[in-house]
Every structure is written in C-alpha cells, then in structure tokens.
Amino acid sequence: MSKVLLVEDEPAIADTLIYALETECFSVTHALTGSDALAAAAGHPHDFAILDIGLPDMTGLEVCKKLRETSSIPVLFLTARDGEVDRILGLELGGDDYVTKPFSPREIVARVRAILRRGHHAPSATDASSRPLGQGIHGLLHETSSMRIHFDGSPLDLTAHEYKLLLVLMEKPGRVFTRDQLLDHAWQDPGAVTDRTVDAHIKSIRAKLRSAKPGAENLIETRRGLGYSLQAAC
Ligand code: CA
C-alpha cells in the first residue's frame, strides 16, 4: 500500500482527497501545516507527497525544499492561482506535477498513480529500508532468490510449510483456497496430513504476522466452510 503525505489546510478539500485516495487503497497521513508535515515525514517514510502551496505557516514550496533535503519523494503540488504555477516551474524544486484548484479528486488519484508508475525517483535511504523488494501486497513481499517472505520490511520467520502456504495465498489475493488445495500446494505428500494441519499452520502464520504488526493477522481471511484467502488487493 503506497503511503501518501497530504498537506492541505482546508478541511473540506483534505477530506475529499483522503476519501478518494483511501478508496483507491492509498494510506494517507494528513497534515494541516508545513511543520506538521515535516514532522510526519521525519517519523515515517512516505511514497508520495501532495502539497498545497498556500499553508498557514510556510508555503508548500518550502515544505518540498525541506523534504528534498533528505529524500527524493515525488511531489504533486496543489495550487490556487496560476501565478503559483510560475513559481513552481521557476524554482525547479523538482516537483513532479501540479494541479490547479478546483480539481476533481479522481484527477489527483490518477496523477499520483501515473507518477508512481513512472517510478523515476531514486528511493531514499529510509525508503530503501522499508521497501527492500519493490511493491508487494499489504506489505508482504516475496524474495524469490532467498525464498523468504518479508512483511513491512522485515523477513518473516516461517517454516517451509508456512512459507509455501502464504506464498500460495499471496499469488492470488482475494481468491479462496480450500484446505485440500492448500494441502496440494504446500505438502509433497498431502495424503499424510489432515485439514487440521492446514488450520494449525494458518494459525501460526497469523501469529507471526500479528507479532510483526498487530492486526495483520486479519490479512488472512477465513471463509467459513470454504477455506482461506489473502485479503483482496485494492
Ligand atoms: Ca491552502
């Protein structure tokens, strides 16, 4: 899930944008002022910043300048006046795009997606530690060469069967696998084990996800009477 830092002091505009972004499965940190935004950025790495130019304590341009001292985070500016556009272009702060108000939230989401797809920004040191393997699903990433699954930037300590089970679920998010299907995928001799074995392993994977991040156990959903699935990708 990409993390967006939204810096906008007008609550109505912020609310609309937060709703649009979260609907599209972005996780949003909202700051009302430039200094709050810089504090939020220092605490957690973000994948993208949306900066309103007119902020109460400093301009979005200044926020961008500060952000760029430590990261190469892509930036989309929100501008209220055409004159501000000239300043963005003139200062060449490395903002990746801008949108003039009024705008449609869908347009913003489309721009964010397009810029992230271009992916031309070099990740900063903090970005690299949190996303060592590129984008995954729900923070889960499969590293093929080491046959490890990382969650939230750290490798999960899984047994061979747990690894295979989770991998099957990750390959088709949202798809329900019956216990028999999971046994077939993850055990060489499925006849030797029972449905209960799958349940026990799923329970153990959930516990490991939970200890990595409380609530993450819910990423694996139980479909009563059917089987298990990984939460659908957005
Ligand atoms: Ca403003």
Filter region 128-160 down to the residues that are part of a helix (DSSP H, G or I) and either in contact with a Ser or Thr (Cβ under 7 Å, 6 or more places away or on another chain) or modelled with pLDDT of 80 or more (or both) and list them by number. A160
Single unsatisfied condition, Y19 versus (1) within 16 Å of the ligand (Cβ to nearest atom); (2) among the aromatic types (F, W, Y); (3) in a helix (DSSP H, G or I): (1)
Subset of region 27-44 that is away from the ligand (no atom under 14 Å from the Cβ) and farther than 20 Å from R106 by Cα - its residue that is surrounded by the most Cβ atoms within 10 Å (Cβ to Cβ): A41
Counted residues, region 49-73 - those being within 15 Å of the ligand (Cβ to nearest atom), open to solvent by 10 Å² or more (accessible area, probe 1.4 Å) and outside any loop (DSSP other than H, G, I, E, B): 3
Here is a check on your reading of the model: is G227 modelled with pLDDT under 90 and either of a type outside the set (F, W, Y) or open to solvent by less than 80 Å² (accessible area, probe 1.4 Å) (or both)? no
Condition broken by E24, with the remaining ones in (1) touching a residue at least 40 places away in the same chain (Cβ under 8 Å); (2) of a type in the set (D, E, K, R); (3) within 12 Å of the ligand (Cβ to nearest atom) satisfied: (3)
Collect the residues in region 1-14 that are open to solvent by 10 Å² or more (accessible area, probe 1.4 Å) and within 14 Å of the ligand (Cβ to nearest atom), keeping them in residue-number order. D9, E10, P11, A12, I13
Could you grab me the full set of residues in region 180-189 that are in contact (Cβ under 8 Å) with a residue 24 or more places away in the chain, buried (at least 18 other Cβ atoms within 10 Å of the Cβ) and assigned to a helix (DSSP H, G or I)? L182, A186
Expected output for region 102-119 (first residue in the same structural domain as T16 (by TED's automatic domain parsing), partner buried (at least 17 other Cβ atoms within 10 Å of the Cβ) and in a helix (DSSP H, G or I), Cβ below 7 Å, 6+ apart or cross-chain) is P105/L17; P105/A20; R106/A20; I108/L17; I108/A20; V109/A20; V109/L21
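The values are calculated or read from the model by the stated rules, or taken from the named source; none is laboratory data. Please read these numbers as outputs of a predicted model, since none were measured by experiment. Virtual Cβ from ideal backbone geometry, glycine too; neighbours counted across all protein chains shown. Just the protein is used for accessible areas: all its heavy atoms, side chains included, with ligands, DNA and RNA removed. Shrake-Rupley method; radii C 1.70, N 1.55, O 1.52, S 1.80 Å.
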